[in-house]
1. Just one of (1) within 16 Å of ligand 3 (Cβ to nearest atom); (2) in contact (Cβ under 8 Å) with a residue 60 or more places away in the chain trips up Leu123, so point out which.
2. Is it true that some residue in segment 15-23 is part of a loop (DSSP other than H, G, I, E, B), open to solvent by less than 10 Å² (accessible area, probe 1.4 Å), over 26 Å from Val164 (Cβ atoms) and modelled with pLDDT of 95 or more?
3. Quickly run through segment 532-572 and pick out the residues that are touching a residue at least 40 places away in the same chain (Cβ under 8 Å), touching a strand residue (DSSP E or B) at 6+ places or on another chain (Cβ under 8 Å) and farther than 30 Å from Thr170 by Cβ.
4. Out of (1) of a type in the set (Ser, Thr, Tyr); (2) more than 18 Å from the chain's Cα centre (by Cα); (3) not in a loop (DSSP other than H, G, I, E, B), the odd one out for Thr338 is which?
5. Look at segment 499-523 and say how many of its residues are within 29 Å of the chain's Cα centre (by Cα) and assigned to a loop (DSSP other than H, G, I, E, B).
6. Could you say which residue among Leu604, Leu579 is assigned by TED's automatic domain parsing to the domain that holds Val694 and either out of contact with any Ser or Thr (no Cβ under 6 Å at 6 or more places or on another chain) or away from ligand 4 (no atom under 16 Å from the Cβ) (or both)?
7. Inspect segment 700-708 for any residue being surrounded by fewer than 21 Cβ atoms within 10 Å (Cβ to Cβ) and either in the same structural domain as Ile303 (by TED's automatic domain parsing) or in contact with a strand residue (DSSP E or B) (Cβ under 7 Å, 6 or more places away or on another chain) (or both) and give the result as yes or no.
Amino acid sequence: MAASSNTRNLLRTCPLCEAVCGLQITLDQDDHVVAVRGDREDPFSRGFLCPKGASLGQLDEDPDRVTEPLILDRATGLRRTATWDEAFTLIAERIPAIAAEHGSQATAVYLGNPNAHTVAGALYAPALIRALGTKNLFSASTADQMPKQLASGLLFGDPLAVAVPDLDRTGYLLMLGANPLESNGSVCTAPDFPGRLEALRERGGRLVVVDPRRTRTAEIADEHLFIRPGSDAYLLFGIVQTLFAEELVEVTVPVNGLDEVRAAAAEFTPAAVQRRTGIPAETVVRLARELAAAPNAVVYARIGTCTAEFGTLTQWLVDVLNVLTGNLDTPGGAMFATGAALGIVRSKPFRPGRWRSRVRELPEAMGEIPVATLADEITTPGDGQIRALVTVAGNPVLSAPNGPRLDSAFAGLEFMVSVDRYVNETTRHADVILPPPRTLQSPHYDFALLQFAVRNYTRYSRPLVPLGDRPSESEVVARLAAAVSGQPHGPEALAALDEFVIAGMLHRAGLDERRPELQGLTSTEQRIDLMLRLGPYGAWNGGTLELNTLLEQPHGIDLGPLRPRLPDILRTASKRVELAPPELLADTERLRAALTAAAPDVVLIGRRHLRSNNSWMHNLPRLVSGTNRCTLHIHPDDVARLGLGEHAVVKSAAGAVTVPLEPTEAIMPGVVSLPHGWGHGGSDQGVAREHAGVSANILTDDSVLDVPSGNAVFNGVPVSLTPV
Ligand SMILES: Nc1nc2c(c(=O)[nH]1)N[C@H]1C(S)=C(S)[C@@H](COP(=O)(O)OP(=O)(O)OC[C@H]3O[C@@H](n4cnc5c(=O)[nH]c(N)nc54)[C@H](O)[C@@H]3O)O[C@H]1N2
Ligand SMILES: Nc1nc2c(c(=O)[nH]1)N[C@H]1C(S)=C(S)[C@@H](COP(=O)(O)OP(=O)(O)OC[C@H]3O[C@@H](n4cnc5c(=O)[nH]c(N)nc54)[C@H](O)[C@@H]3O)O[C@H]1N2
Ligand code: SF4
Ligand SMILES: [Mo]
């Protein structure tokens, strides 16, 4: 549709999930969104759009969102609006004082998921962490993909070197614990994931889905295998064992540790693991043969297998299998993307566990401490107890295990700041809430997600709507960083920080004198320009890309299919893939011990729905309308066996909830599923409150972790069910 005289069509990347779809947004003369369509000329997303992307306009101007800084009066529990100066001045009074009295370890940061989708999160949150000078860094990563990053760090020497399935060229995809028909894909950036799976099948390829539920993705697969929650490492070990036993191993990349892997797998024969997984031994043997025989094949596993008791072992075995079948770093196998913007250049091999958390002595990974121990660090007295917390784009009360414990821990903080667009279950505890502007007022570049893309691609979007007199989110976070470290925290803090970063990058590249050549309207854009120029395709690195190239091609630029990256991408000391890292071999003991453990009668897992996104899209009537989504999926046999009615009380070691049941044969007997991100009873969001639901993280247990990564365990939680 052409824009009428009163409207205009603009282009922007969708920031709502990892699929990075190009959008064409129609705005009226007052900058309100009239329509959102998929951008057909985007070479990567080719017009794909999902219901969330279509709702971007309503989300952007949700009447319940926060538009001005809010300051909480703790005595009355009331919030008042404040000016930006007032808000930053209060922060500058409080946080440096707490750090001066109790040390910088008394401060902490929690970064939530949308930081992976904002320029502010990518470019300015690191400055905030540095400014606080604390090792108390927590994020949604330890409730999500940390096991994958830890395994990649140990295998390849770099936790950012994550191999993704080469979806468009593979002939065989074994997918575990992912449901891209609802999620649109994760740690595998692939707009129109459903269409790409369809294309795989159309070209004669095979899709096998392993999931305790027959999901929408399982429905379109050639084969679906039900698996007992938390047992994927056993299944993958069974396949590894078969490959060795049948001499099907064919390694095509330089590796160390092959013999150690063979020895570790020896006892996990398909027959030995079948009781634990529920998958017959002959199926495991067949999967091994199929993976070995396919001209190209790839194993991909996601959140269902990460947020589980053996998350890191599972993620490790995924790439072990990709290596053993000759499918790592080859077209149609598991490959590494080449993002256009210069990322973090690691010189030394990745090493986890450089320090431990204070209370539970959990190892750090990538500078982070597990979010599952955030409540411990706030509530346990002593030197280094967290007294001040900054959250940016996160809702850990609903997203972290044992959320109610965090809820009361946050209430006991001396001072809390949240950068967020809503007053929600987490930010209601904040002394100061600093809102980001509208999404359409923010620039967009996918620094992280394009490193995990199934095709090399780049796209930059300028803000579509002017900021007016309010700060960008980048400025908010830059000023916050200044305020917490006692620096001048006016608007000039943003350019000052950018100049500092740009000068450092230019200096390291030996290009100091080229500062005047950087382009862009803002200092943020000049940083992006520099990252593009120094990146793998960059004008200052033998290529042609710079910000202007991207501005001239607003639909995005296709940079071609994934290319082999080994050995350059390796940061291991040996410059080989370290197939048998000692940390992971050690953890196989835990797996071995659990092989014969008694299985709980019923276990809980999660699930996602296309119209929902974690905890923060439940305030849009068009996304929450229709049937209640916060129901417990349960097999009808279990309903009968346990004598349940329409509702049940679900109890775990951590807590109990009452939920409506949704009996379905699409879930295994002995497994129940509840989506997370609900439980908005105390929310300030009117629509979300009407569709409150209950939080799955009342049931999840913060004392149970994936040991190597410290990642939260959301799947395979033992529960009992009783009638209401
Ligand atoms: N039981 C269970 N728990 C889970 C999961 C599960 O599968 N099961 N999944 C886990 C996973 S994978 C994740 S990633 C985490 C997510 O954990 P979190 O990131 O803590 O939670 P979200 O619900 O994504 O909250 C995002 C917050 O960012 C705010 N926000 C949205 N856009 C912006 C923006 O542009 N700027 C700013 N400043 N704020 C913004 C929203 O209002 C909301 O408060 O949850 C985890 N928790
Ligand atoms: N619509 C929508 N899209 C989203 C999100 C959302 O909330 N809603 N969240 C975004 C985020 S933050 C993330 S991280 C991604 C996640 O993206 P995905 O990884 O695709 O997430 P899910 O759709 O939850 O699919 C996980 C699947 O794992 C299965 N599962 C549970 N336990 C096990 C197990 O032990 N073994 C196996 N093999 N399977 C298991 C579940 O039944 C479920 O079908 O989605 C992103 N996209
Ligand atoms: S799939 Fe993800 S990126 Fe694409 S329109 Fe939907 S929410 Fe946006
Ligand atoms: Mo996530």
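1. All conditions are met except number (1).
2. Within segment 15-23, not a single residue is part of a loop (DSSP other than H, G, I, E, B), open to solvent by less than 10 Å² (accessible area, probe 1.4 Å), over 26 Å from Val164 (Cβ atoms) and modelled with pLDDT of 95 or more.
3. The answer is Pro554, and nothing else.
4. Here Thr338 meets the rest and fails (3).
5. Summing the residues that are within 29 Å of the chain's Cα centre (by Cα) and assigned to a loop (DSSP other than H, G, I, E, B) in segment 499-523 gives 1.
6. Details: Leu579 fails: assigned by TED's automatic domain parsing to the domain that holds Val694.
After applying the criteria, what remains is Leu604.
7. Checked against the condition, which is being surrounded by fewer than 21 Cβ atoms within 10 Å (Cβ to Cβ) and either in the same structural domain as Ile303 (by TED's automatic domain parsing) or in contact with a strand residue (DSSP E or B) (Cβ under 7 Å, 6 or more places away or on another chain) (or both), segment 700-708 yields at least one hit.
Yes/no per residue for (1) outside any loop (DSSP other than H, G, I, E, B); (2) surrounded by 14 or more Cβ atoms within 10 Å (Cβ to Cβ):
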{"residue": "Arg565", "(1), (2)": "no, yes"}
{"residue": "Ala597", "(1), (2)": "no, no"}
{"residue": "Leu604", "(1), (2)": "yes, yes"}
{"residue": "Arg607", "(1), (2)": "no, yes"}
{"residue": "Ser612", "(1), (2)": "no, yes"}
{"residue": "Met617", "(1), (2)": "no, yes"}
{"residue": "Thr627", "(1), (2)": "no, no"}
{"residue": "Asp637", "(1), (2)": "yes, no"}
{"residue": "Gly645", "(1), (2)": "no, no"}
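The values are calculated or read from the model by the stated rules, or taken from the named source; none is laboratory data. Since we're looking at a predicted model, the values are computed, not measured. Reconstructed Cβ throughout: ideal geometry from the backbone, glycine too, with neighbour counts over all protein chains shown. To get the accessible areas, we keep the full protein, side chains included, count just its heavy atoms, and leave off ligands, DNA and RNA. Shrake-Rupley method; radii C 1.70, N 1.55, O 1.52, S 1.80 Å.
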